[in-house]
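Trainee: Could you have a look at this structure, given as structure tokens, before my questions?
The values are calculated or read from the model by the stated rules, or taken from the named source; none is laboratory data. This structure is a prediction, so every number in the text was calculated from the model and none was measured. Backbone-built Cβ (ideal geometry, glycine too); neighbour counts: all protein chains shown.
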Amino acid sequence: MGIWAFIIGAVLLLLLLAVIVLLLCFGYVYYTHLKWDHIPGPPRDSFFLGHLPTLMKHMKNNVVIYEPFFEWMEKYGPVIRLNALHKVMIFVLSPDGVKEFLMSPKYTKDDFYDRLHSMFGKRFLGKGLLSDRDYEHWHKQRRIMDPAFSKANLIGSLGTFNDKAEEMVNKLAEKADWKSHVRMHDIMSRVTLDVIAKLGYGMELNAIQDDQTPFPRAITIVMKGMVEERNPLAMFNPYKQAFIREVKENMAFLRTMGQACIEQRMKVIQDGEDIPKDILTQILKAAELEGGCTMDDFIDNFVTFFIAGQETTANQLSFAVQELGRHPEILARVQAEVDEVIGSRRDIEYEDLGKLQYLSQTLKETLRLYPTAPGTSRALEEEMVVEGVRIPAGSHVMLNTYVMSRMEKYYPDPLVFNPDRFHPDAPKHGYVYFPFSLGPRSCIGQVFAQMETKVVMAKLIQRYEFELVEGQSFKILDNGTLRPLDGVICRLRPRGEYKASQK
């Protein structure tokens, strides 16, 4: 009798403790939410999970998680509150808000970027330029790296842009028979990887020729890991453990390769041997003068540059091919411009880039509809009022160019692909379009990326006629960055054959 009484007492005590813990959790979430409950927003899906079920449902169905925002914007206005467990996110979708938060250095990046520092408990981008939340540390790194992206160095990059783009179009000749199906995202990922490897780190990965190169797959896996980590319960899901291990292995692969590359270059410099005039050399020389950079800093930026320099540029190129394939009349205008400016020349020169005006407009319109990096976020240390809404100190403020660039109030017929929106004389809204962010934390490589994109697209258009294979969904895959779900599958043939067939 005594044993049973003890067991029953222990069970009741455990139940009481569970109830107390549950009540404490309820109280903590309720108390935390009270601070922001005055801010408009859609009804929560549940008390604990907040709006997570809606967002996770969109991810599961390969729908961009920002799609509900268009309806929410109409109903609740440009400042919207979303809840996820005890977290509260404030989306500010107005030009004034974007200007305030992005143009001033006083708003630091928020703890969302801690997910990029480490993922699933393992160092990922660390304190690289993208993820560093410490403004002073970031500013020091930016000073070190700015010279590597000077105009003179960018002009010097054109040789590699041309060489790799030429290698890409020659590789495409193997399947340019108007019958074979070519997944353009794959080839774009390979050419952009070869470019950043060569210009950034003097590495010849040969990804254009060898589709088994491990780098593209490693980048894809870690990007998928970024998406998975949005779900705070992923770490505890037993069905996700194998995938999480794979993510960690691929992060380790990228960082190990980075360290080996950097240590080898340091030795070459120390030994006084000939060194490549690439981004890594520029960074190491500037860091020696500045002092205080660690090996982790160098590795963090190695991984950051590889992902930012390859993934986002490949996605933009792929979406550009997709939209040109969907709009033959726009493609014809781009072809005419390329023929006039480049003709049959192999190499594209710096002066040519400014003359490719309509191609530039097309690439900007691509980023309007498909910003590969859809948004950014900032921490608010002091209370302020935005669009008449009081936002408390301690808020996480999200800015999103994907949503703003698809709003009717800023772009008439926003879902229509129209490069003339970016004609120099066309009216434009400020602080709506920011695919490379804005202000002091804007992307250091944006000019590099757009020069590369223009050269690769011009070479493709110069050499090939292409059309989209039927039956593609044209959906967007949110993989940390935005990429075309189906990969943009095309048929190609040399343009000379096309011109001859039209006679």
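Trainee: Among the residues in the range 341-353, are any under 25 Å from T481 (Cβ atoms) and under 28 Å from the mean Cα position of the chain (by Cα)?
Mentor: yes
Trainee: Determine, yes or no, whether F298 is within 27 Å of P371 (Cβ to Cβ) and touching a residue at least 24 places away in the same chain (Cβ under 8 Å).
Mentor: Spelling it out, it is not the case that F298 is within 27 Å of P371 (Cβ to Cβ) and touching a residue at least 24 places away in the same chain (Cβ under 8 Å).
Trainee: Still on this model: Check every one of the strands (runs of 3 or more DSSP E) wholly within the range 397-503 and list those with 1 or more residues that are of a type in the set (S, T, N, Q).
Mentor: Passing ranges, in order: 476-479, 481-484.
Trainee: Checking the conditions here, which among V64, V98 is outside any helix (DSSP H, G or I) and in contact with a helix residue (DSSP H, G or I) (Cβ under 8 Å, 6 or more places away or on another chain)?
Mentor: After applying the criteria, what remains is V64.
Residues checked against (1) without any contact (Cβ under 8 Å) to a residue 12 or more places away in the chain; (2) of a type outside the set (S, T, N, Q):
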| residue | (1), (2) |
| --- | --- |
| F91 | no, yes |
| S104 | no, no |
| R123 | no, yes |
| S131 | no, no |
| E136 | yes, yes |
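Trainee: Given A287, A320, A242, A332, which one is under 27 Å from the mean Cα position of the chain (by Cα) and exposed (fewer than 13 other Cβ atoms within 10 Å of the Cβ)?
Mentor: A242
Trainee: Can you tell me which residue in the range 176-193 is farthest from I476 (Cα to Cα), limited to those that are among the hydroxyl-bearing types (S, T, Y) and touching a helix residue (DSSP H, G or I) at 6+ places or on another chain (Cβ under 7 Å)?
Mentor: The extreme case among them is T192.
Trainee: Out of the residues in the range 269-291 that are outside any helix (DSSP H, G or I) and either charged (D, E, K, R) or out of contact with any helix residue (DSSP H, G or I) (no Cβ under 6 Å at 6 or more places or on another chain) (or both), which is modelled with the lowest pLDDT?
Mentor: G291
Trainee: Inspect the range 299-307 for any residue being β-branched (V, I, T), assigned to a helix (DSSP H, G or I) and at pLDDT below 90 and give the result as yes or no.
Mentor: For the range 299-307, residues β-branched (V, I, T), assigned to a helix (DSSP H, G or I) and at pLDDT below 90: present.
Trainee: What is the number of the single condition among (1) closer than 30 Å to D146 by Cβ; (2) buried (at least 19 other Cβ atoms within 10 Å of the Cβ) that F417 does not meet?
Mentor: Answer for F417: the failing condition is (1).
Trainee: Which residue, of H33, H51, H58, H86, is in contact with an Asp or Glu (Cβ under 7 Å, 6 or more places away or on another chain), surrounded by 13 or more Cβ atoms within 10 Å (Cβ to Cβ), farther than 23 Å from T372 by Cα and modelled with pLDDT of 75 or more?
Mentor: Just a single option satisfies the conditions, and that option is H51.
Trainee: Being over 27 Å from K75 (Cβ atoms) and surrounded by fewer than 19 Cβ atoms within 10 Å (Cβ to Cβ) narrows it down to one residue among A426, A449; which is it?
Mentor: Only one candidate passes the filter, namely A426.
Trainee: Is it the case that the range 374-386 has a residue that's under 16 Å from the mean Cα position of the chain (by Cα), modelled with pLDDT of 95 or more, within 21 Å of L130 (Cβ to Cβ) and of a type outside the set (S, T, Y)?
Mentor: Within the range 374-386 (the criterion being under 16 Å from the mean Cα position of the chain (by Cα), modelled with pLDDT of 95 or more, within 21 Å of L130 (Cβ to Cβ) and of a type outside the set (S, T, Y)), the answer is no, since none of the residues qualifies.
Trainee: Let me ask another. Search the range 452-482 for residues being within 30 Å of E351 (Cα to Cα) and acidic (D, E), and hand back the single one that is surrounded by the fewest Cβ atoms within 10 Å (Cβ to Cβ).
Mentor: The selected residue is E467.
Trainee: Just wondering, is there one or more residues in the range 338-354 that are among the aromatic types (F, W, Y) and crowded, with 19+ Cβ neighbours inside 10 Å?
Mentor: Within the range 338-354, not a single residue is among the aromatic types (F, W, Y) and crowded, with 19+ Cβ neighbours inside 10 Å.
Trainee: Kindly establish whether M235 is exposed (fewer than 15 other Cβ atoms within 10 Å of the Cβ), within 20 Å of Y113 (Cα to Cα) and among the hydrophobic types (A, V, I, L, M, F, W, C).
Mentor: Considered against the rule, which asks whether it is exposed (fewer than 15 other Cβ atoms within 10 Å of the Cβ), within 20 Å of Y113 (Cα to Cα) and among the hydrophobic types (A, V, I, L, M, F, W, C), M235 comes out as yes.
Trainee: Just to check your reading of the model, which residue among D134, D146, D111 is modelled with pLDDT under 90, surrounded by fewer than 18 Cβ atoms within 10 Å (Cβ to Cβ) and within 23 Å of the chain's Cα centre (by Cα)?
Mentor: D111
Trainee: Another question, then. Taking only the range 206-220 into account, find how many residues are in a helix (DSSP H, G or I) and either under 24 Å from A148 (Cα atoms) or aliphatic (A, V, I, L, M) (or both).
Mentor: 3
Trainee: Within the bounds of the range 182-195, is there any residue that is under 25 Å from C261 (Cα atoms), touching a Cys at 6+ places or on another chain (Cβ under 7 Å) and hydroxyl-bearing (S, T, Y)?
Mentor: No: zero hits.
Trainee: Checking the conditions here, which among V92, V63 is under 22 Å from P371 (Cα atoms), modelled with pLDDT of 80 or more and out of contact with any Phe, Trp or Tyr (no Cβ under 8 Å at 6 or more places or on another chain)?
Mentor: None of the others qualify; the one that does is V63.
Trainee: Restricting attention to the range 240-255, does a residue exist that is assigned to a loop (DSSP other than H, G, I, E, B) and touching a helix residue (DSSP H, G or I) at 6+ places or on another chain (Cβ under 6 Å)?
Mentor: No, the range 240-255 contains no residue that is assigned to a loop (DSSP other than H, G, I, E, B) and touching a helix residue (DSSP H, G or I) at 6+ places or on another chain (Cβ under 6 Å).
Trainee: Give, as residue ranges, the helices (runs of 4 or more DSSP H) completely inside the range 103-205 that count at least 2 residues that are aliphatic (A, V, I, L, M).
Mentor: It comes to 135-145, 151-156, 158-172, 184-201.
Trainee: Of these, I219, I208, I244, I262, which one is touching a Lys or Arg at 6+ places or on another chain (Cβ under 9 Å) and of a type outside the set (F, W, Y)?
Mentor: Exactly one of I219, I208, I244, I262 is touching a Lys or Arg at 6+ places or on another chain (Cβ under 9 Å) and of a type outside the set (F, W, Y), namely I208.
Trainee: If only one of Y358, Y370 is modelled with pLDDT of 95 or more, farther than 23 Å from G77 by Cβ and in contact with a His (Cβ under 9 Å, 6 or more places away or on another chain), which one is it?
Mentor: After applying the criteria, what remains is Y358.
Trainee: Same structure, new question: Looking at the range 161-172, can you tell me whether even one residue there is small (G, A, S), crowded, with 16+ Cβ neighbours inside 10 Å and under 20 Å from the mean Cα position of the chain (by Cα)?
Mentor: Checking the range 161-172: not a single residue is small (G, A, S), crowded, with 16+ Cβ neighbours inside 10 Å and under 20 Å from the mean Cα position of the chain (by Cα).
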